[in-house]
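S.K.: This is the structure I want to talk about, given as structure tokens.
We did not get these values from a lab; they are worked out from the coordinates using the rules stated. This one's a predicted model, so the numbers in the text were calculated from it and none came from an experiment. As a convention, Cβ positions derive from the backbone with ideal geometry for all residues, glycine included, and neighbour counts pool all protein chains shown.
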Amino acid sequence: MLVEMVIDGEDVTEGGPAGDRATELLIRVAGGDQTAFAELYDLLSGRVFALILKVAVNRAQSEEVLQEVFLEVWQSAHRFAPNKGQGRTWVLTIAHRRAVDRVRSSQSSADRDVRVGIRDLAAARDVVSDAVESKVEGERVVAALAMLPEAQQEALILAYYGGYSQSEIAALIGAPLGTVKTRMRDGMSRLRGELGVST
């Protein structure tokens, strides 16, 4: 039985071939279809930018990463495998990875600046230490997320970086709501274990 849903103004049919317009567009983009690429950009750029901005925080950097993401989508659409997942998830995963890479790169630069600044600003040592500790903790979360099975990782990325509800995730990936809830619960439990956080 097909269940029709509307997510962000887009018709998504759970369990049906129209469930992920992005998948259809990516297949056409892989063949060099520029019109399909423009449509894919219009369809996903808002959601992709929101995800990037959540990770990178800096708006200017997020705009740069958005361009990098869609350049990568254009260049690597031929590597997208529709039988392994939906197009929207594939693009959001690229966006998340690119945003994390940008944060890490920025952090490296900031760490160099911090090391120089610590020599000159001994009084600010506590503030700098807190900022570095916070960034390191963020990197630990990203690394722990990468250790999860792909299904749990996908559900958590869509929820926490993509902003989707559990029912929206179920519709997007074509899985029962109970399965999505289980994946998220198990994923969070494993994350806590990886990070050494007691419940």
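S.K.: What is the extension gain from Val141 to Ala50, computed as 0.36 nm multiplied by their sequence separation minus the C-alpha to C-alpha distance, in nm to one decimal?
M.R.: Working: separation 91, 0.36 × 91 = 32.76 nm, distance 1.94 nm.
Answer, rounded to one decimal: 30.8 nm.
S.K.: Could you give the length gained on full extension between Gln34 and Leu177, defined as 0.36 nm per residue of separation minus the Cα-Cα distance, in nm?
M.R.: Extra length from Gln34 to Leu177 when fully extended: 47.9 nm.
S.K.: Which ³J(HN,Hα) values, rounded to whole Hz and listed in residue order, are derived for segment 76-90 from phi using the Karplus coefficients 6.51, -1.76 and 1.60 in 6.51 cos²θ - 1.76 cosθ + 1.60 with θ = phi - 60°, glycine and proline given as x?
M.R.: With the stated coefficients, segment 76-90 comes to 10, 4, 5, 8, 5, 10, x, 6, 9, x, 8, x, 4, 5, 4 Hz.
S.K.: So what J values fall out for segment 180-187 if you push phi through Karplus, 6.51 cos²θ - 1.76 cosθ + 1.60 with θ = phi - 60°, rounded to Hz, Gly and Pro as x?
M.R.: Values, residue by residue: 4, 4, 5, 4, 5, 4, 5, x Hz.
S.K.: Measuring from label point to label point, each 7 Å out along Cα→Cβ, what is the Glu63 to Gln75 span in nm?
M.R.: 2.2
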